[in-house]
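In what follows, a single structure is set out as structure tokens and then discussed.
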Amino acid sequence: MRLQPERFTTRDLPGADQFAAWRDFYAGSFDLRLSDGSAKAPHYLADHTAWNLNGLRMTRACMPGGVTRQWRHFSRPPSDHWLLVVVPAVAGAPLASEPRHIGFRSLTRSFEGVGSDGEVVTLFLPRDEFREAANAFDRAPEKITQSGIGSVVADFLLSLDGSLAAFPHQQVSSLAVAVKALVSALVAPVPDNLAVAEAPLASALVQRASRLTQANIGSAGFGPKDLARLMCVSRSRLYRAFESYGGVSTFIQEVRLKEAHRRLDEAKHPMAINSLAVQLGFADHSTFSRAFRHRFGYSPRDAAGWDRPSSR
């Protein structure tokens with residue numbers, strides 16, 4: 001059984017009513033207006049998707065990009081939520097892209113903002129779920145640095161947003177535990193929180209590294225130093241996370257080899273092995289073929305269907 005989200009859209013409404021409906025939908029949380037202060041627009045195609053993650057609530061708002069809006073959060077009682085907000089670099093951009101903004105807000109404080117982003121991912125954090133870290137959460141700055149744990153957690157949330165539709169319902173409880181650990185380590189990075197988050201943080205690092213490697217898969221010089229720089233984490237943390245994979249270099253090669261296997265397996269016509277090796281960042285045809293055979297037990301030609309073995 002898969003997770004089922006709650007959805008709201010303005011797409012089924014007449015254009016002149018769309019922004020008003022969007023504004024009314026959020027009226028219980030904040031006052032929303034367009035940049036000129038008006039509450040009307042000729043049309044406003046927008047979608048809201050919300051997921052319940054065992055007490056946590058994750059939402060994605062998709063709005064017309066480039067249309068500037070302004071909002072004011074209403075101050076709420078001290079028992080209410082915090083928000084972790086992630087704005088992707090560009091609506092629809094690859095998940096490996098750095099987010100434009102990572103923000104943290106307390107709904108106990110009023111907040112005013114202006115933006116024209118097309119997508120915003122928000123994680124609602126109930127105070128009851130973070131009682132032990134409440135003081136640190138209340139003191140946290142509204143903007144989180146996009147380096148170290150910040151970039152890893154933001155990337156994890158953007159990736160999670162894209163995969164929740166296929167997420168098994170029976171695994172939501174363990175997912176919520178991991179998300180809580182990551183958020184606590186990000187907002188209140190004390191030793192105890194960092195220790196609890198070590199396993200989910202390592203998993204998030206691996207997911208992020210895989211996407212970044214895939215995005216740079218054609219660069220022959222792409223290696224551990226480049227990956228550490230793009231991930232905004234220290235090389236020591238990176239090496240610890242990939243120790244069980246045989247090291248960062250081995251991991252990068254594994255991503256390349258799996259991509260090579262996928263392309264060969266799905267190819268409808270014979271492919272030039274030498275050309276494929278170059279496309280995937282290998283130094284030459286021989287290096288690629290040796291690595292491929294060592295990893296899968298057969299040659300690239302076999303993987304492509306030429307004299308393919310009966311089993312793999």
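Tabulated results
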| quantity | calculated |
| --- | --- |
| Fluctuation leader among M231, M58, M271 - the chain, Gaussian network, Cα springs under 10 angstrom | M271 |
| Centroid-to-centroid separation of segment 131-210 and segment 1-54 [C-alpha atoms, Å] | 27 Å |
| Neighbour-count order for R293, R237, fewest beta carbons within 10 angstrom listed first | R293, R237 |
| About the Cα centre, charge dipole magnitude for the chain (Lys/Arg +1, Asp/Glu -1 at Cβ), debye | 600 debye |
| Value of relative contact order over segment 211-303, rounded to a whole percent, pairs C-alpha under 8 Å and six or more apart | 30 percent |
| Burial ordering of S29, S116, fewest other beta-carbon atoms within 10 Å first | S116, S29 |
| Helix-only mean residue ellipticity at 222 nm for the chain, each DSSP H run of n ≥ 4 adding -39500 (n - 2.57), per residue, nearest 500 | -12500 deg cm²/dmol |
| Contact order normalised by residue count of the chain, Cα under 8 Å, 6+ apart, percent | 13 percent |
| Longest to shortest principal axis, alpha-carbon extents of segment 76-220, angstrom | 53, 36, 30 |
| Nonlocal Lys pairs with alpha-carbon distance under 28 Å, the chain (8 or more apart, or different chains) | 4 |
| Tilt relative to the chain, helix 248-266 - C-alpha long axis, 0 to 90 degrees, to 10 | 80 degrees |
| Charged-residue dipole, Cβ positions (Lys, Arg, Asp, Glu), segment 211-303 about Cα centre, Debye nearest 20 | 220 debye |
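Each value in this text was obtained by applying a stated rule to the coordinates, not by laboratory testing. Everything numeric here is computed off the predicted structure, so don't read it as measured data. Note: ideal-geometry Cβ built from the backbone for every residue, glycine included; neighbour counts use all protein chains shown.
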